[in-house]
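Here's the structure, in C-alpha cells; my notes come after.
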Amino acid sequence: MTVLVVSGTGTEIGKTVATAALAAVAVADGRSVAVLKPAQTGLAPGRRGDAEEAVRLSGAATWRELARYPEPLAPATAARRAGLPPVRPAEVAEAAEKLAAEHDLVLVEGAGGLLVRLDEDGGTLADVAGLLSAPVLVVATAGLGTLNATELTTRELARRGLTPAGVLLGSWPAHPDLATRCNLTDLPKVTGVPLVGAVPAGAGGWPPPAFRAKAGEWLAAELGGTWRVEASTAVEGWENGRRPRPPSASLSPMSDLSVRHATPSDIDAVLLFWRTAAEGTSISDDRDGVARLLDRDPEALLLAEREGVLLGTVIAGFDGWRCHAYRLAVHPDHRRQGIARALLDSAEQRFVALGGRRSDAMVLEANERAHRAWEASGYHREDHWRRWVKPL
C-alpha cells in the first residue's frame, strides 16, 4: 500500500487523530510517511492545520497542504466565498503521486465526509481515490446514528468500485453507552466492511511520545497494529494504557451513560446547564469564556450524557505542570447515580495520559454535598492552602 485515502462519515469525527495513528505505526515500522491535506478550512494562515498536527503527533517527516480557506465550510464553498481557486481531484492525485515517489506511505486526509465537494464541478475525495486506485479508510463515529451514515459511505465506495480499507472508530469514549457497545457488532454487519480499530477519545491531546507508544494498540493487524474487536475489556482501558477503575455499584443503573469532549456547538447548552446544576458563578461564565477554553484546550471540557441529555460536566485542565479539575456539576435530578465519579474517572485518565501526577480540585467551601462527592472519589482537603484571586 503506497497511498491510503482517509475519509469518513462527517466532520469532527477523529480523522486527523486516526491519520496520526496510522502514520505513527508506519514510522515505528521504519517506513517514511507523508501526510497530504488537499484543503484545510476554518483556519487562518500561520495556525497549525490537520496535516501538520498529524505529523506532530506521529513523528512523520513530511506534511503538505494544497490550499487553505479561512471559513469552516466545505472546501468548494469556502474557496468560493474567499475568492480563491478550489482544489481539484486531479491536482490532489498528482500531489499524492509525487509524494509517493519519495515516501513509503502517503496518507491523504479529506475534509468532512467522502462526498464533500472540493470544487464547483462536484469533485470529491472519492474521485481522488478513483484517480489513484487507492483504498479508502472510513473513519466513523462510535455512537448512536453511526450505522446509517457508515453504511451509506461504504455503499458509495462499492458503487464506485473503490476498495474499503476498513472502518475505524475515530473517538471511542471512556464510558461507552449501550448503542456504542452494540455498534461494535452491528457496524461490520450493516457495512460488510471489517472494523479495523478504535482510537480513544482525547488521544489527540496526549503528548506525542505517549501517543506514538500506544498507537499500535488502536489499529488492527490490517493497519499494522494489534487491536482486536473481541478484546472488549481492553477497549474500555485505552485512555491511558491501563485497566480502568472498576465502576461503583451506583453506576449500574447508568450503564448507558457516555462521557465525551465538548465542542463549540455545545457552548449554549453548557451555559444553560450550569445555571441549573452548578454551585456559584464564574467571571468566565459566558459564551466567549467557554469558547476560549475550547480553543486553547479542545479536550478539557467533559460532558456526561444519557440518551443525548446533558447530565454533568467537569473541566479537566492541564497547563503542562499541574492538573486542575473544576466545574464538576451534576443535574439536581440525577445526583447520587455515579455521574460525578464517571466524569472524574475520565478527567483523571486524561491527566495520567498527559503526564500529570496529582489532580487539584476547586470546591466551594459551603458546598457540603460536593465535599462528599469529592471525598468519595479519593480527594481530600488541604487546609494549609488558600486560593488568592485578582480580577483582570
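The values are calculated or read from the model by the stated rules, or taken from the named source; none is laboratory data. Since this is a predicted model, take the numbers as computed values, not measurements. All Cβ positions, glycine included, derive from the backbone under ideal geometry; neighbour counts span all protein chains shown.
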Discussion item. Which residue is surrounded by the most Cβ atoms within 10 Å (Cβ to Cβ), if the candidates are limited to the range 294-335 and must be charged (D, E, K, R) and within 16 Å of Trp374 (Cα to Cα)?
Written reply: Arg327
Response to the item:
Scanning the range 50-66 residue by residue, those of a type in the set (A, V, I, L, M) and within 15 Å of Ala95 (Cβ to Cβ) turn out to be Ala51, Leu66
Worksheet item: Residue check, Gly145 against (1) over 22 Å from Val17 (Cα atoms); (2) within 19 Å of the chain's Cα centre (by Cα), all met but one. Which one?
Response: (1)
Fill in: Where His371 falls short, out of the listed (1) farther than 25 Å from Ala213 by Cα; (2) in contact with a Leu (Cβ under 6 Å, 6 or more places away or on another chain)
(2)
Worksheet item: Scanning the range 164-179 for residues that are modelled with pLDDT of 95 or more and hydrophobic (A, V, I, L, M, F, W, C), which turns out surrounded by the fewest Cβ atoms within 10 Å (Cβ to Cβ)?
Response: Ala165
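Output the residues belonging to the range 25-58 that are more than 21 Å from Glu97 (Cα to Cα), of a type in the set (Gly, Ala, Ser) and either in a helix (DSSP H, G or I) or modelled with pLDDT of 95 or more (or both).
Answer for the range 25-58, where residues must be more than 21 Å from Glu97 (Cα to Cα), of a type in the set (Gly, Ala, Ser) and either in a helix (DSSP H, G or I) or modelled with pLDDT of 95 or more (or both): Ala28, Ser58.
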Item to complete: Please list, ordered by first then second residue, the pairs with beta carbon atoms under 7 Å, 6 or more apart or interchain, first in the range 311-322 and more than 22 Å from Asp177 (Cβ to Cβ) and part of a strand (DSSP E or B), second at pLDDT below 90 and small (Gly, Ala, Ser).
Response: Phe318/Gly356
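So which residues in the range 249-288 are of a type outside the set (D, E, K, R), in a helix (DSSP H, G or I), modelled with pLDDT of 70 or more and surrounded by 12 or more Cβ atoms within 10 Å (Cβ to Cβ), if there are any at all?
Those that are of a type outside the set (D, E, K, R), in a helix (DSSP H, G or I), modelled with pLDDT of 70 or more and surrounded by 12 or more Cβ atoms within 10 Å (Cβ to Cβ): Pro264, Ile267, Ala269, Val270, Leu271, Phe273, Trp274, Ala277.
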Discussion item. I'm trying to understand the selection: among the residues of the range 92-134, which are more than 26 Å from the chain's Cα centre (by Cα) and hydroxyl-bearing (Ser, Thr, Tyr)?
Written reply: Ser133
Discussion item. I'd like the residue in the range 348-392 that is modelled with pLDDT of 80 or more and hydroxyl-bearing (Ser, Thr, Tyr) and, out of all such residues, is nearest to Val330 (Cα to Cα).
Written reply: Tyr379
Discussion item. Restricting to the range 373-387, count the residues that are assigned to a loop (DSSP other than H, G, I, E, B) and in contact with a strand residue (DSSP E or B) (Cβ under 7 Å, 6 or more places away or on another chain).
Written reply: 1
Worksheet item: Taking into account only those residues within the range 210-226 that are in contact with a strand residue (DSSP E or B) (Cβ under 7 Å, 6 or more places away or on another chain) and not in a helix (DSSP H, G or I), which is nearest to Asp345 (Cα to Cα)?
Response: Leu219
Worksheet entry | Criterion (touching a strand residue (DSSP E or B) at 6+ places or on another chain (Cβ under 8 Å), among the small types (Gly, Ala, Ser) and farther than 22 Å from Ser171 by Cβ) met by exactly one of Ala95, Ala18, Ala54 | Ala95
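Where residues in the range 110-163 are at positive phi and modelled with pLDDT under 95, which of them is surrounded by the most Cβ atoms within 10 Å (Cβ to Cβ)? Show your work before the answer.
Of the residues in the range 110-163, the ones at positive phi are 112, 122, 133, 145, 161.
Going one step further and asking which of them are modelled with pLDDT under 95, we end up with 112, 145.
On the way: Gly112: 22, Gly145: 13.
By that ranking, first place goes to Gly112.
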Discussion item. Could you list, ordered by first residue, the pairs with Cβ atoms under 6 Å in which the first is in the range 38-67 and in contact (Cβ under 8 Å) with a residue 60 or more places away in the chain and on the phi < 0 side of the Ramachandran plot and the second is of a type outside the set (Gly, Ala, Ser) and part of a strand (DSSP E or B), at least 6 apart or interchain?
Written reply: Pro38/Leu66; Gln40/Glu65; Gln40/Arg68; Thr41/Tyr69
Worksheet item: Just one of Trp385, Trp374 is surrounded by fewer than 18 Cβ atoms within 10 Å (Cβ to Cβ) and among the aromatic types (Phe, Trp, Tyr); which is it?
Response: Trp385
Practice prompt. Confirm whether Thr11 is buried (at least 17 other Cβ atoms within 10 Å of the Cβ), of a type outside the set (A, V, I, L, M, F, W, C) and touching a residue at least 24 places away in the same chain (Cβ under 8 Å).
Written response: no
Fill in: Criterion: of a type in the set (Asp, Glu) and at positive phi - qualifying residue of Glu307, Glu348, Glu299, Glu365
Glu307
